[in-house]
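The values are calculated or read from the model by the stated rules, or taken from the named source; none is laboratory data. Because the structure is a prediction, the values reported are computed rather than measured. Here the Cβ positions follow ideal geometry from the backbone for every residue, glycine too, while neighbour counts run over all protein chains shown. Only protein heavy atoms, including side chains, enter the accessible area calculation; ligands, DNA and RNA are left aside. Shrake-Rupley method; radii C 1.70, N 1.55, O 1.52, S 1.80 Å.
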Amino acid sequence: MMRVIKAGKSKEDVSKNYQQVSKIVADAIHEIETRGDAAVREFSEKFDKWSPESFRLTDEQITEIVGKVPQNVIEDIKFAQKNIRQFAEAQLASLTNIEVENIPGVILGHKNIPVNSVGCYIPGGRYPMVASAHMSVLTAKVAGVKRVIACTPPINGEVPNATIAAMHLAGADEIYLLGGIQAMASMAIGTETIQPVDMIVGPGNAFVAEAKRQLYGRVGIDLFAGPTETLVIADDTADAEMIATDLLGQGEHGPTSPCALITTSEHLAHETLKEIERQLKVLPTADVASVSWADYGQILLVDSIEEALVEADKLAYEHVEVLTEDPDYFLENMTNYGCLFLGPETNVAYGDKVIGTNHTLPTKGAARYTGGLWVGKFIKTVTYQKVSPEASAYIGEYAARLCQLENFAGHAEQALLRVRRYAKVNN
């Protein structure tokens, strides 16, 4: 039976924060929708203290910015992008067009068509998320998207050079120094100076995530991505230092980032609690990670690996590290997760930054019904049909009867017209 060693905030407390964010976002979207660039500029001045002549960077500005980035940083970015591109290309190769002759004379097929335009958000603030440029812009380009624009906020009034370089090297067609709600709404709705896109993607804070939720429908989205979540599943073969390091390493994302441990070892559970307290005394980002752990951290003690699997699937967390004697048991049996990290040799930071899998992943239980961002998210699988005259007359009789069964007289006539016309041809 599962026992809670440490619990996080209740769902009621979390819901109160969400309601406040939702209203702020709705008001901002309405302002941008009705006043366009003027509203965008006001929000940028208010939230980022940023009001340039143009939010879009020119080719000359981009070249100058990239030139300021140290060569070793450029090489590191290229290394990460190579890995991400190779994995995305392998995923793309798995998507094939099909065409089958279902019945003699009836040709059915599907085509994989890239979305025409995509807007990518790359977060800034305390943590400029350089890697998000690879994950969104580059992946969209591998998928074949014709127009990919990208937004990132200035940081304390400064241009985030490395992020701009990553966006450029990833293949962004337009780059804007614009953050938050105003960036998401501008890309989705469009303004006098920003052409709208068909889809918006990328992670962000609570306001960015809520903007994406409210804009969904006008545009497509990748997924609803909330605060980063990390789960470690461990048995007595794991050690507390690694567990604490990996939980706090993700808890530093933000004060509302949930992190959890599910373990079969009560001794390890308590040792992890001690180790977390020890590491928080020396971790440079402890001001954030300590709040995340205090408010959203939890430790669950279970009787068996099988019970650990059940509880892990209930949580359906974004990142799941498996530090057990047989990590492949979870690869074979777990169903609800964004990405699995199997064994002590890997960790979430590899996936976040460099290894090749995408770091934009489902949160808040969305792993129950969706995976993360990948080339397939940028591709529409659309169907088509071609029918010979003989087959049309044959299919039409079935279609007419089934339409009449549902009282769709007009539908039935579409079918009967073909029966009359093409049955004569057959005779």
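Quick look at the values:
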{"quantity": "Chymotrypsin sites (Phe, Trp or Tyr not before Pro) lying in DSSP loop within segment 171-240, provided at most 14 other Cβ fall within 10 Å", "calculated": "none"}
{"quantity": "Folded to 0 to 90 degrees: helix 286-296 orientation relative to the chain principal axis, Cα", "calculated": "60"}
{"quantity": "Per residue value of the accessible surface for segment 1-110 (all protein chains in place, 1.4 Å probe), Å²", "calculated": "67"}
{"quantity": "Carbon and sulfur %, accessible surface of segment 74-172 computed with the full protein complex present, 1.4 Å", "calculated": "55"}
{"quantity": "Selection of GluC sites (Glu not before Pro), segment 141-225, meeting DSSP coil and at most 12 other Cβ within 10 Å", "calculated": "Glu192"}
{"quantity": "Proximal lysines to Lys380, defined as alpha-carbon separation beneath 22 angstrom and excluding residues fewer than eight positions away on the same chain", "calculated": "Lys111, Lys141, Lys146, Lys212"}
{"quantity": "Those lysines that a straight Cα-Cα span of less than 30 Å connects to Lys6, excepting residues fewer than 8 apart in one chain", "calculated": "Lys16, Lys274, Lys281, Lys314, Lys353, Lys364"}
{"quantity": "Compactness of segment 29-180 as Cα Rg over 2.2 N^0.38 Å, two decimals", "calculated": "1.29"}
{"quantity": "Average accessible area per residue (Å²) across segment 290-427 - probe 1.4 Å, nucleic acids and ligands excluded", "calculated": "53"}
{"quantity": "Potential extension, Arg35-Ile107 segment - 0.36 nm per residue separation minus Cα distance", "calculated": "21.0 nm"}
{"quantity": "Alpha-carbon Rg with Dmax, taken over the chain, Å", "calculated": "25.5, 88"}
{"quantity": "Rg/Rg_ref, segment 185-298, where Rg_ref = 2.2 N^0.38 Å and atoms are Cα", "calculated": "1.40"}
{"quantity": "Relative contact order, percent, segment 155-240 [alpha-carbon distance under 8 Å, six or more residues apart]", "calculated": "21"}
{"quantity": "Stretch gain in nm, segment Ile74-Ser10, where the contour uses 0.36 nm per residue and the Cα spacing is subtracted", "calculated": "18.7 nm"}
{"quantity": "0 to 90° range, to nearest 10: angle between helix 71-93 axis and the chain longest Cα axis", "calculated": "40"}
{"quantity": "Neighbour cut-off at most 16 other Cβ (10 Å), DSSP loop, chymotrypsin sites (Phe, Trp or Tyr not before Pro), segment 288-390", "calculated": "Tyr369"}
{"quantity": "Segment 275-335 - percent of accessible surface contributed by carbon and sulfur, probe 1.4 Å", "calculated": "51"}
{"quantity": "Helix-only [θ]222 nm of the chain, DSSP H runs n ≥ 4, -39500 (n - 2.57) each, per residue, nearest 500", "calculated": "-15000 deg cm²/dmol"}
{"quantity": "Accessible area per residue, Å², segment 178-283 with all protein chains present, probe 1.4 Å", "calculated": "36"}
{"quantity": "Carbon + sulfur, % of accessible area of segment 353-417 - ligands and nucleic acids excluded, 1.4 Å", "calculated": "58"}
{"quantity": "Degrees between helix 206-215 axis and first principal axis of the chain (Cα, 0 to 90, nearest 10)", "calculated": "10"}
{"quantity": "Distance (nanometres) between label positions extended 7 Å along Cα→Cβ at Arg218 and Glu60", "calculated": "3.4"}
{"quantity": "Difference of contour (0.36 nm per residue) and Cα-Cα distance, Ser22 to Lys46", "calculated": "6.8 nm"}
{"quantity": "Max mean-square fluctuation residue, GNM over the chain, Cα-Cα springs under 10 Å, options Val69, Val130, Val100", "calculated": "Val100"}
{"quantity": "Euclidean distance between Cα centres, segment 133-210 to segment 353-427, Å", "calculated": "33"}
